[in-house]
Amino acid sequence: MSIDTSEVDRLIVDLYDAPDRIQKSARRTMKRSALEIKKKMRKEFSGHSYAPKVPLSLEFEQLDGRGLAYEIGELDSGGPQWGIAAILAYGTSNNAPVVDHRKALRQEAPVMFHHLGIDAESSVFGGAR
Amino acid sequence: MTTLVFELDPLAAAVVARLEEPTNLNVHVGSVKDADEQAKTISAPLPYVRINAGIGFKPSPRAGGRAGVALRFTIAYVGGTEDQARAVAHAVRGWMHDATVAVDSEERRIRVDESEDTVITVDPTWNRPDGGPLFYGIDDYVAV
């Protein structure tokens, strides 16, 4: 009696090769999501007459060599309104926060996870089902 | 001891009443009155807590009678040292989370996000009149 393990063998090969394929498409997804979060954050931080330049001070920056981690926010400490975004988002001892700085991430997270799921499936099966 | 800045709406009144129960905590609603806007100093006794409506949420007496409405508010914890602010944050979170308060005769459960510790940081804007720093942290609460 023989047991056909060819499909299992193929799956093992697919999963072994998947990490590189996943990372390539996941990098695109992460960068796209970081950009979307930045755009949404700029919108949330707009409309404050005493902090007109804050939206433009928000940027995103890749944190790792693989392109899978990003930092989004007020990154340039030399900017003209450095620190104002933090006050808008976190308040002070005498001022309540006025901007929900996590809203953009909450809105984008489901989209990002959806695309990462497609990336993972495509990397194993060779195309979205 | 309670310092009221303006007339309390039903939610703020319920939260203040709850906060007053355990200790002589200084509770402010809205901005702190003992503050010098020009010098950016706060002379109110420390530590204190400050209640504000949640971002984008407008408290309304009518909300108390509407089932299913989540009432959002923030509590800021302020101290003269990081340890003092953190101690107040810890005590208030523990006291408020899962507490039941009456808002317009309707019982509501208070919730705070327990997955993270409150971040305590030095205030970038306000100081004590003697130049000493103020440390604060803010948590989002919801009454459901």
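Odds and ends about this structure:
- Every test in (1) at pLDDT 90 or above; (2) more than 16 Å from the chain's Cα centre (by Cα) is passed by B:V69 save one, and that test is (1).
- A:K103 falls short of the stated requirement of being modelled with pLDDT of 90 or more and under 16 Å from the mean Cα position of the chain (by Cα).
- Matching entry among A:I118, A:I37 (being more than 14 Å from chain B (Cβ to nearest Cβ), modelled with pLDDT under 85 and outside any loop (DSSP other than H, G, I, E, B)): A:I118
- Taking every residue in the range B:120-136 that is within 10 Å of chain A (Cβ to nearest Cβ) and pairing it with any residue that is hydrophobic (A, V, I, L, M, F, W, C) and part of a loop (DSSP other than H, G, I, E, B), at least 6 positions away or on another chain, the pairs with Cβ-Cβ distances below 6 Å are B:F135/B:I120.
- Of B:E21, B:E37, B:E82, all but one fail to be modelled with pLDDT under 90 and of a type in the set (D, E); the exception is B:E21.
The values are calculated or read from the model by the stated rules, or taken from the named source; none is laboratory data. Every value quoted in this text rests on a predicted model; they were computed, and no experiment measured them. FYI the Cβ positions are ideal-geometry reconstructions off the backbone, even for glycines, and counts take in every protein chain you see.
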